[in-house]
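Following: one structure in structure tokens, then a few remarks.
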């Protein structure tokens with residue numbers, strides 16, 4: 001997906017928020033902001049939004065020297081999600097269609113924000129699960145089920161820490177011996193890396209690889225050769241989250257995008273209302 | 001008031017919104033946006049926010065050739081506000097303290113958005129007036145009353161079209177023979193110019209001058225010499241709206257700022273909650 005003009009003010013806001021998360025030094029906030037404004041003023045709008053995200057976070061790393069500012073947040077989100085896992089698993093097992101229930105919960109994992117809390121009240125968890133299981137779904141699970149039945153190589157592109165525990169529910173409904181899960185090669189925002197796949201218990205279940213990249217989503221041009229080969233060889237790709245849609249919506253592979261359409265730009269691109277739960281096959 | 005980093009994403013968003021208001025040509029949207037990003041990347045943050053506003057709207061005028069894109073909007077807002085005027089005037093006359101009631105309604109005029117409607121339902125008007133008269137006020141009318149009693153020259157800096165009809169209520173509570181009302185020298189967004197002062201009936205009541213400038217607020221450096229002289233000679237200045245606060249908060253004059261604190265940056269600068277009705281004497 002190309003970058004729309006509406007993405008630009010959003011980049012600028014994100015750059016400021018992210019820099020403030022990393023440091024209290026207002027001189028650094030200003031330097032990052034100016035760098036992002038300058039880059040945005042010259043940006044090739046045919047590039048995808050995560051390419052600007054990559055540039056922003058590289059600038060923050062360079063100007064602060066902090067490599068993984070979200071480390072603690074990621075660990076906390078994993079713990080909070082793992083505390084929910086048993087209840088979520090019970091609901092998937094009890095569901096009329098466990099694959100669909102797991103897919104819906106994996107999408108819900110894309111939007112859960114544990115914020116500053118380390119735990120969520122039981123009543124909230126129930127409401128959250130019920131909401132995810134009852135939400136209207138843009139797309140259906142049937143084509144995914146059919147494609148999985150025929151695929152020898154299934155590549156699952158994880159998104160964020162915390163969310164990756166919700167992804168495990170869906171991964172457990174897949175033919176595990178044919179599944180490879182890919183995480184980021186190095187830290188970028190709160191995206192899942194190998195440490196998060198381990199925390200979520202995925203490394204004991206399936207093969208976990210990393211994509212060799214520090215970009216949000218999957219920018220194939222900056223991924224490792226090894227990852228690109230696995231991507232090209234995959235019969236089915238399951239791609240979680242907005243950034244994976246933004247970076248792979250033009251790819252040739254057979255991709256199923258699972259995400260919540262969080263902003264107006266992506267909702268318009270997908271042709272659905274903001275906030276929709278989306279399970280969209282790329283080829284459709 | 002200097003520009004804060006939080007103002008920058010807001011500028012970028014405003015530039016896009018304003019350009020879209022003027023033209024449907026996406027190439028122009030992109031050119032304005034790139035120009036604003038470049039300018040913001042090099043901006044002197046000790047300047048006030050309206051200086052970037054000036055730059056944005058000059059770029060839009062230059063790239064579109066449209067001098068007064070908000071012309072129709074301003075006329076519509078004036079008409080809608082004039083339709084409310086009799087009811088508002090009745091309420092001021094009936095008030096225990098007509099000066100305070102008129103000041104509150106003038107502040108309320110700063111936030112009324114008639115949107116796409118040409119009229120507002122009676123019930124809404126009542127709710128709006130009651131809200132304005134009952135809202136907590138940051139500051140009090142007593143110092144204004146005292147200053148007005150001693151002032152020979154009172155300069156009233158108007159803000160937007162439509163709002164200027166609400167301002168008339170307050171101006172009518174002032175010693176008219178000592179009042180001069182200043183509007184913008186040429187169109188900038190929906191700010192009031194001489195045409196709006198005439199539409200509001202002010203030119204029949206008091207002397208109306210213009211500030212010779214096409215900037216939001218009052219950037220003294222780009223105002224006419226004639227205006228600057230009147231500003232310097234004024235014993236009391238009443239300045240309406242956020243942009244006048246942003247541009248004059250460091251000035252030497254005895255200024256009473258009347259505004260609603262619409263954004264977090266200005267609310268922090270004023271030390272009040274977002275949304276507050278503010279009647280603040282500059283010297284306090």
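The values are calculated or read from the model by the stated rules, or taken from the named source; none is laboratory data. Bear in mind the structure is a predicted one, so any value in this text is a computation, not a measurement. Cβ sites come from the backbone with ideal geometry, for glycine too, and all protein chains shown count toward neighbours.
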Restricting attention to the range A:2-21, the residues that are buried (at least 21 other Cβ atoms within 10 Å of the Cβ) and more than 10 Å from every other protein chain (Cβ to nearest Cβ) number exactly 2
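Residues are listed down the side, and each one gets a yes or a no for (1) touching a residue at least 12 places away in the same chain (Cβ under 8 Å); (2) in a loop (DSSP other than H, G, I, E, B):
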position	(1), (2)
B:198	no, no
B:203	no, yes
B:212	yes, yes
B:216	yes, yes
B:229	no, no
B:265	yes, no
B:269	yes, no
B:280	yes, no
Taking the criterion of being in contact with a strand residue (DSSP E or B) (Cβ under 6 Å, 6 or more places away or on another chain) and under 19 Å from residue B:71 (Cβ atoms), would at least one residue in the range B:216-227 satisfy it? no
Of the residues in the range A:29-45 that are in a helix (DSSP H, G or I) and surrounded by fewer than 17 Cβ atoms within 10 Å (Cβ to Cβ), the one that is nearest to the other protein chains (Cβ to nearest Cβ) is A:38
By residue number, the members of the range A:120-141 that are in a helix (DSSP H, G or I) and at pLDDT below 85 are A:122, A:123, A:124, A:125, A:126, A:127, A:128, A:129
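Every residue, every condition in (1) out of contact with any strand residue (DSSP E or B) (no Cβ under 9 Å at 6 or more places or on another chain); (2) outside the structural domain of residue B:261 (by TED's automatic domain parsing), yes or no:
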| residue | (1), (2) |
| --- | --- |
| B:25 | yes, yes |
| B:56 | yes, yes |
| B:83 | yes, no |
| B:91 | yes, no |
| B:96 | yes, no |
| B:100 | no, no |
| B:108 | no, no |
Going through the range B:142-165 in order, the residues found to be assigned to a loop (DSSP other than H, G, I, E, B) and buried (at least 20 other Cβ atoms within 10 Å of the Cβ) are B:158, B:159, B:161, B:162
The one condition residue A:212 fails out of (1) modelled with pLDDT under 95; (2) at positive phi is (1)
Inside the range A:80-114, the number of residues satisfying the requirement of being under 17 Å from the mean Cα position of the chain (by Cα) and assigned to a helix (DSSP H, G or I) is 9
Expected single match for away from every other protein chain (no Cβ under 14 Å), touching a residue at least 40 places away in the same chain (Cβ under 8 Å) and under 24 Å from residue A:45 (Cβ atoms) among B:64, B:48 is B:64
The condition from (1) buried (at least 20 other Cβ atoms within 10 Å of the Cβ); (2) under 19 Å from residue B:106 (Cβ atoms); (3) within 17 Å of the chain's Cα centre (by Cα) that residue B:198 misses is numbered (1)
- [ ] Within the range B:79-100, identify whether any single residue is within 30 Å of residue B:134 (Cβ to Cβ), surrounded by 18 or more Cβ atoms within 10 Å (Cβ to Cβ), more than 13 Å from every other protein chain (Cβ to nearest Cβ) and free of Cβ contacts under 8 Å to residues at least 60 places away in the same chain, and answer yes or no.
- [x] yes
